[in-house]
Structures are given as C-alpha cells and as structure tokens.
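Notes for the one structure printed next.
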Amino acid sequence: MAAPSQIVQFNCKEMEDKLKRLALKVSHHEDNIRFLKSQLNAVEEACIDLGIKLGNYHSSMAAVANNDTSAQEAEQRTIRSILNQDKTAAGIICQLKVRHHELASKMPLMKDILGFVATLGKVNNDNLSRLLTEYLGMDNMLALVCKTYDGVKGLEKYDKDGIIDKTSGVHGLGRSVGKFLDGRFTVFCLENLRPFSGDVNIDDPQRKLILHRPRLPGGESPPGFLDFAVNMIHLDRAHLSCLTASGHGLRETLFYTLFSHLQVYKTRADIQSALPLIKDGAVSLDGGMLRPNGSFCLGDSKNLEVKFPVNIEVSSLPENIAEMEEQVKLKNWEKERVLEDMKREEDLLKQVKELYRKQKQELMDYLSHPAVTQTSRDLPTTHSPATPGSNPFGAKPSRKRWY
C-alpha cells in the first residue's frame, strides 16, 4: 500500500499536469485570436484602399459630368495664377519659363529648379485642392523646389557685409524682365530634406507611402477617415521619375515634409471623434482644420488664388469598376467570417480560462490541506449490517407504473 506522502505527491503531479494542459489550451486560443486580428486588420486595410479608389473614381466622374476643366486646363490655370504673383520669386521664375523659354533654358540657375510646390502635385477634386492649399499657405504653395544645394546658393548672392546683391540670382533675373522681388521667399532643396523612413508601396504606380492608419481600440479605422494627405497627391509620370541621389522621390521628400501624417476626414465631426488618434493634424472636406500643434482653425476658409491643379483625366481612373466593387463585397464577406471566428475563439478562451482558474484553485487548496483532502478522498463508505429479509442495497425502490 502506498504511503500517504506518495499519494499526495501523485495527486499533486496529476493536478499540475492537468493545469499545464489547460495553460497550453489558453495559449493556443490566444494565438488564434492574435492571428485572426492580424487577418482582420489586413482585410480592413484592403476595404479602405478599395473605398478610397472608388471614392476617387466617383468624384472624378462627377467632375467630368459637371463639365469641369480638363487636367491640362487646370494646370494652365495654376500657372496663370502664379504669373499674377509678379513680385514673388515664383512669379519671376514662372514668367521666364513661360514667356522667355529660350533664354531661361540657357541659364544654369534655371536648370536646377524643378518647379513650384503648386505645380508638382495634383489632387482629384477642387474641394481637396482648396483645403490642402489653405493648410499649406501661399508661402509654401509658391515655394521653389531645387534639386541640389548648389541651386539654392545660386538663387541669391551676398556681398562681404552680408547684404543681398540685387543684380544676381533671382533678383537679377527679375530686373531682366522688369520685375522686382519684394520680401522673402521659400525654397526647398530635395537633397537636404529628411526623407520618409518607412517603406514605399512599389506595386502602386503612384509609389504611395506605407503608413499605419489610425485604429480604434477594436481595430477598425475611425468613421470618416479617408487617407493621409501625402498619399492623396497625384504625381505625373515625369515627376514620379524625379529621384534624389539617394533614390527618394518627391512624395518621400517634398510632400512628406509638407504634410507628414496629416489625416483627411469627411467632416469636422469625424475629426472630433478621432482626436485621440490624430498626432500630426487633420483636415476635413467640409472645411475643418486641426494643426499639428493642436490648434483649431475656425471661421470661413480663405479662397487662395494659387491652388493645386485638379486631375480628372478619365484615363487615370480605374479600368474595371465592377470588378473593384465585387472585391469590396468579397472583402466585407471575408471580414464577417473572420469576426465570427474571433467570437468563437473568444468564447472558447473564456471557457478554458474558467477551467484553468478552478483547477488552479483546487491545486492550491490541496497543497494547503493535503491530509484533509486526502482523507475525504480515501475514506471508505460504510453500510449497516443487512438483516434477514432486508435489501442489502438500501430501501426497496418504489415501483413506477409506465403507461
């Protein structure tokens, strides 16, 4: 017969093994839930991307249906508005490029100037153009963009006392066409800008940045979130091929510097609901604006003359809208299936955790009072001696009549 200590040791080992098996089940269900959450995030990302593409398509089609100007006409309108700013560096450079093209093409200074912020990107509707233009302000919209720092140095010269030489650089160019530069002007040097440190979607023709979308505690995107402003800028093929010596494009350098993680929402109410998720500012299509420093811009919006051109060319729209809409339905169905699987795994996890809790408590009780527990387990069942004619198994069972 086994000693009591051996029995206690055997029972402890048996309960510990059962506890370990339950712990493995808990870990298994938790791993399943983590995997399903990653699947859900991927599906939601795909749904958002498809929604943005479809939204851009319908906005562009609406613009075409309303007989809005073509992309080329919109770009010419932006150039004309820059020409009207004839006392700015952008106005002077633009005049030389448009009206004195032969002369400008021979100037070393002009070769390093890629263009102006307002002409290097486009958007898909006039409302977004007005909104992003107001966010950046006229100084940034009219900013010159140079490829190298040598180009920046060539824009302005100084004498030995640090006084600006009005006969050289952009000041001298202005005098050559009868224009005089008034005030300061902003210049961006692509090779000096700190590029986006993350990855670029190489499968996207626009080479959009891979940014982490804002997420609510449940994992879904906040209501009304459309996209990041930096990814809503459309780049022409010529500008897409413009790379720095280190291989970074305009989106990773210039436009990321200008917009960073600026979020775009449908309404002001959507911005207010998503405030805890906004770090680098937000704008809404109905005119709401939250600066990166946390300040709100209230009142009527300004109607700035120089705006981003609107790109509404039909050739740039998705080819198979029906297929894309079918993909949205498929992704929504897939999302429902994943949510169902998550619910099932969460229920199973809850059950196993409860079993684990009870088994752990039983083990703790046994370790605290092994003798009492063991006695209650091993105590034999006693019966009173049977008398002649009596039922040795207890009282005679009552008969049941079955009908």
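The values are calculated or read from the model by the stated rules, or taken from the named source; none is laboratory data. Model, not experiment: these values are computed from the prediction. When we count neighbours, we look across all protein chains shown, and the Cβ atoms used for this are built from the backbone with ideal geometry, even at glycine. Just the protein is used for accessible areas: all its heavy atoms, side chains included, with ligands, DNA and RNA removed. Shrake-Rupley method; radii C 1.70, N 1.55, O 1.52, S 1.80 Å.
Multiply the residue separation of Arg215 and Gln76 by 0.36 nm, subtract the distance between their alpha-carbon atoms, and state the gained length in nm to one decimal.
Stretched out fully, the Arg215 to Gln76 stretch lengthens by 46.1 nm.
For Leu240, what charge total do you get from the other residues with a beta carbon under 13 Å from its beta carbon, if Lys and Arg give +1 and Asp and Glu give -1?
+2
Using r as the Cβ-Cβ distance of Trp333 and Phe296, and R0 as 41 Å, what FRET efficiency do you calculate, to the nearest 0.05?
It comes to 0.55.
Less than 23 Å apart at the alpha-carbon level, and either on another chain or at least 8 residues along: which lysines does that give for Lys25?
Lys13, Lys37, Lys343, Lys350, Lys353, Lys358, Lys360
For Pro223, what charge total do you get from the other residues with a beta carbon under 15 Å from its beta carbon, if Lys and Arg give +1 and Asp and Glu give -1?
Once all neighbours under 15 Å are counted, the net charge is -1.
Taking 0.36 nm per residue of separation and subtracting the Cα-Cα distance, what length does fully extending Ser105 through Asp139 add?
Gain in length upon complete extension: 9.7 nm.
Please get the size of the charge dipole for the range 69-314, origin at its Cα centre, with Cβ charges of +1 on Lys and Arg and -1 on Asp and Glu, quoted in debye to the nearest 20.
That gives a dipole near 380 debye.
Using a basic spin-label model with each label point 7 Å from the Cα along Cα→Cβ, how many nm lie between Leu243 and Arg34?
Output for this residue pair reads 3.7 nm.
Need one number: nm distance between label points at Arg184 and Asp199, each 7 Å from Cα along Cα→Cβ, rounded to one decimal.
4.0 nm
Taking every pair of distinct Cα atoms and averaging 1/r, then inverting, what Kirkwood hydrodynamic radius in Å comes out for the range 128-247?
Evaluated on the range 128-247, it is 18.1 Å.
Counting only C-alpha contacts under 8 Å and six or more residues apart, can you give the relative contact order of the range 69-314 as a whole percent?
Result for the range 69-314 is 26 percent.
Can you find, among Leu254, Thr148, Val123, the residue farthest towards the positive end of the dipole of the range 69-314? Put +1 on the C-beta of Lys and Arg, -1 on that of Asp and Glu.
Result: Thr148, furthest along the dipole toward the positive end.
Can you give the accessible area of Val43 in Å² (nearest 10), computed on protein heavy atoms with a 1.4 Å probe?
Accessible surface of Val43 is approximately 10 Å².
What is the log10 of I(q)/I(0) for the range 69-314, computed with the Debye formula using one identical point scatterer on each Cα and no solvent, at q = 0.07 Å⁻¹?
Once normalised to I(0) and log-transformed, intensities are -0.26.
Could you tell me the calculated FRET efficiency between Leu348 and Glu45, based on Cβ-Cβ distance and R0 = 45 angstrom, to the nearest 0.05?
My answer for the efficiency is 0.95.
What is the packing order of peptides 85-93, 283-291, taking the mean over residues of other C-beta atoms within 10 Å and listing the highest first?
The densest-packed peptide leads the list: 85-93, 283-291.
Once you've got the Cα coordinates, tell me which of Lys147/Lys279; Lys111/Lys166; Lys208/Lys335; Lys279/Lys331; Lys106/Lys153 are over 23 Å apart.
Lys147/Lys279; Lys208/Lys335; Lys279/Lys331, as the Cα separations exceed 23 Å there.
Tell me which aspartates and glutamates have Cα within less than 19 Å of Lys307's Cα, excluding those fewer than 8 residues away on the same chain?
Asp68, Glu73, Glu75, Asp86, Asp126, Glu134, Asp139, Asp236, Asp286
Need one value: the accessible area of Glu336 in square angstrom, 1.4 angstrom probe, rounded to the nearest 10.
100 Å²
Could you name the lysines in cross-link range of Lys329, using Cα to Cα under 17 Å and dropping any fewer than eight places away on the same chain?
Here the lysines satisfying the reach criterion relative to Lys329 are Lys53.
What does the charge count near Ala104 come to, summing +1 for each Lys or Arg and -1 for each Asp or Glu among other residues with Cβ under 11 Å from its Cβ?
Once positives and negatives cancel, what remains is +3.
Going by average Cβ density within 10 Å per residue, which order do the peptides 213-224, 232-243 take, highest to lowest?
Averaged packing, sorted descending, gives the order 232-243, 213-224.
So what does Thr148 come to for accessible area, using a 1.4 Å probe and Å² rounded to 10?
40 Å²
Of all trypsin sites (Lys or Arg not before Pro) in the range 93-166, which ones are in loop regions per DSSP and have a Cβ with at most 16 other Cβ atoms within 10 Å?
Taking the range 93-166 and a limit of 16 other Cβ atoms within 10 Å, the loop trypsin sites (Lys or Arg not before Pro) found are Lys106, Lys157, Lys160, Lys166.
Between Ser168 and Glu326, 0.36 nm times their residue separation minus their Cα-Cα distance comes to what?
This chain segment gains 50.8 nm when fully extended.
With label points built 7 Å along Cα→Cβ from the Cα atoms of Asp161 and Arg357, find their separation and express it in nm.
Going from the Asp161 label point to the Arg357 one covers 8.3 nm.
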